[in-house]
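Nothing in this text is a laboratory measurement; each read-out follows from the coordinates by a stated rule. If you're wondering where the values come from, they're calculated on a predicted model, not measured in any experiment. Here the Cβ is made from the backbone with ideal geometry for all residues, glycine too, and neighbour counts use every protein chain on show.
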Amino acid sequence: MKQLWAPWRMQYVGVEQKPGCFFCRVIENADDPDAELVVWRPRGAIVMLNKFPYNPGHTMIAPLAHKPNLEELDDREFVDLMRAVRTTFGVIRAEMHPDGFNGGLNIGSAAGAGIPDHVHFHVVPRWSGDRSFMVVLDDVRVVNEALAQTAGKLKRAFGEK
């Protein structure tokens with residue numbers, strides 16, 4: 001059996017979370033400290049930066065409806081979510097010029113969902129050579145752009161859509 005090591009994920013283990021759904025708190029309260037991570041609020045969805053990104057521009061796209069999986073979304077909610085996902089890929093591609101992407105979703109805790117009760121997509125821009133020796137040497141992932149800088153860049157780019 002092969003093993004995949006991801007020691008930087010330890011920061012999620014044992015961390016006490018605020019009560020309630022992370023996405024719903026941000027959707028319902030623009031004054032929530034995590035609302036600064038929101039880069040776009042299209043119809044029926046929210047697009048925000050991941051507080052613990054794998055790379056600059058790592059976004060999460062969630063429907064406004066608090067539902068744990070895709071099949072519980074009605075047709076309008078599903079279409080709004082998918083349009084937001086598609087637009088997010090396009091905006092990040094145009095603004096950040098990645099060489100590729102990782103994109104998808106984890107449904108349920110067993111699949112790795114950190115927020116299992118509110119379905120959401122992850123879009124992670126990737127660049128050739130974005131793996132750093134720091135991860136190997138000292139369990140450190142280097143993210144080469146501050147969240148506030150990425151947020152400002154993407155908010156402007158989404159505003160042009």
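Amide H contacts of Asn69: Val119, each under 5 Å away and 5 or more positions distant or on a separate chain (H built 1.01 Å from N in the peptide plane; Pro and chain starts excluded). Each Lys or Arg adds one and each Asp or Glu subtracts one; over the other residues with Cβ under 13 Å from the Cβ of Leu147, this totals 0. Counting 0.36 nm for each residue step from Ala110 to Glu145 and taking away their Cα separation leaves a gain of 9.5 nm. Near Phe101, the amide H atoms lying under 5 Å from its own belong to Arg126; only residues 5 or more places off or on other chains count, and H is placed 1.01 Å from N. Which translational diffusion coefficient, to the nearest whole µm²/s, is obtained for the stretch 27-97 from the Stokes-Einstein equation, given a Kirkwood hydrodynamic radius over C-alpha pairs, 25 °C and 0.890 mPa s? Taking Rh from Cα pairs, D becomes 191 µm²/s. Here the Karplus curve 6.51 cos²θ - 1.76 cosθ + 1.60, taken at θ = phi - 60°, turns the phi angles of the stretch 85-101 into couplings of 4, 4, 5, 4, 4, x, 5, 5, 4, 6, 8, 10, 6, x, 7, x, 9 Hz, with x standing for Gly and Pro. Between Glu160 and Asp75, the modelled labels are 3.5 nm apart [label points 7 Å from Cα along Cα→Cβ].
Amide H contacts of Asp32 (H built 1.01 Å from N, in plane; Pro and chain starts excluded): no residue 5 or more places away or on another chain comes under 5 Å.
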